Amino acid sequence: MNEVWSSKGEFDRTAWHLATGSGCIEVLEKLWDWAKKLQLKQEELMNEVLLSKGDFDRTAWHLAAVCGRVDILEKLWNWAKELQLKPEELRNDVWLSKDEFDQTAWHLAAGIGRSKILQKLWDCAKELQLKPEELRNKVLWLKDKSGKTACHNAAENGHVEVIEKLWDWAKELHIKTEEFRNEVWLSKDKSGRTARHMAAGRGHVQVLYKLRDWAEEMQLNPNE
């Protein structure tokens, strides 16, 4: 077991990590079948396979989000459910799994502009039947170690489509003006920067327009 699954190469990555990061879904399927044929216990399948961590403490869940492979993310999600994990285990150990920077797959996908990955992650969150408060605090407005939310990451890197999706989901949760003011418009990272600061600093004019439109729709003074 240790020689096969725990053997790590460069960047502390196992074969599982490498296959995920390269988008090789066929290899992942073979590795998973192999693990089951070894009759590994549920705990081993979780800790040594699905949730094993490589460089930056990232799991395959993080890597699938980074490489933009919705099909791999779906496979990982289904395999986790196949292990008959409790909803809280799926939420905490898979969906909310954080790397060494306290970034979840949600943060990473937003920063890279993986809107389809974000949609899949949102669908998984809804499948877990998270309450609106959890969707707000554990998903939309969750901050990483530097104090950034998904909105900060998307704004900093100019991902307009991600900003639009975040807005659609916020409306789905019926956020109020005060929440928008605190969690989006005035929300700062640990360097004191809002999403507007980040977009302006990188010259992302379209993101600024979207944030302004969002503020106007929430009947917030854009000059606040």
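The values are calculated or read from the model by the stated rules, or taken from the named source; none is laboratory data. Keep in mind it's a predicted model, so treat the numbers as computed, not measured. Positions of Cβ are generated from backbone atoms using ideal geometry, with glycine treated the same way; all protein chains shown enter the neighbour counts.
Assorted remarks:
- Selection status of Ala200, modelled with pLDDT of 95 or more and more than 30 Å from Val94 (Cβ to Cβ): yes
- Scanning the stretch 190-207 for residues that are part of a loop (DSSP other than H, G, I, E, B) and in contact with a helix residue (DSSP H, G or I) (Cβ under 8 Å, 6 or more places away or on another chain) gives Arg193, Thr194, Arg202, His204.
- When residues of the stretch 157-175 are limited to those that are within 18 Å of Lys116 (Cβ to Cβ) and in a loop (DSSP other than H, G, I, E, B), the one farthest from the chain's Cα centre (by Cα): Gly158
- Scanning the stretch 160-173 for residues that are in contact with a helix residue (DSSP H, G or I) (Cβ under 7 Å, 6 or more places away or on another chain) and of a type outside the set (Asp, Glu) returns Val160, Val162, Ile163, Lys165, Leu166, Trp167, Trp169, Ala170, Leu173.
- Meets criteria (out of contact with any His (no Cβ under 7 Å at 6 or more places or on another chain), outside any loop (DSSP other than H, G, I, E, B), crowded, with 18+ Cβ neighbours inside 10 Å and at pLDDT 95 or above) for Ala154: yes
- Any hit, the stretch 176-189, residues being in a loop (DSSP other than H, G, I, E, B), of a type in the set (Asp, Glu), within 21 Å of the chain's Cα centre (by Cα) and on the phi < 0 side of the Ramachandran plot: yes
- The stretch 118-146, residues that are assigned to a helix (DSSP H, G or I) and farther than 19 Å from Asn78 by Cβ: Pro132, Glu133, Glu134, Leu135, Arg136, Asn137, Lys138, Val139, Leu140
- Residue in the stretch 114-132 that is among the small types (Gly, Ala, Ser), closer than 29 Å to Phe180 by Cα, outside the structural domain of Lys36 (by TED's automatic domain parsing) and touching an Asp or Glu at 6+ places or on another chain (Cβ under 7 Å) present: yes
- When Thr194 is tested against (1) more than 23 Å from Pro132 (Cα to Cα); (2) out of contact with any Leu (no Cβ under 7 Å at 6 or more places or on another chain); (3) surrounded by fewer than 20 Cβ atoms within 10 Å (Cβ to Cβ), only condition (2) is not met.
- Extreme residue, surrounded by the fewest Cβ atoms within 10 Å (Cβ to Cβ), among residues of the stretch 55-91 that are among the basic types (Lys, Arg) and in contact with a helix residue (DSSP H, G or I) (Cβ under 9 Å, 6 or more places away or on another chain): Lys81
- Selection from the stretch 1-56 of residues that are modelled with pLDDT under 85, part of a helix (DSSP H, G or I) and of a type in the set (Gly, Ala, Ser): Ala35
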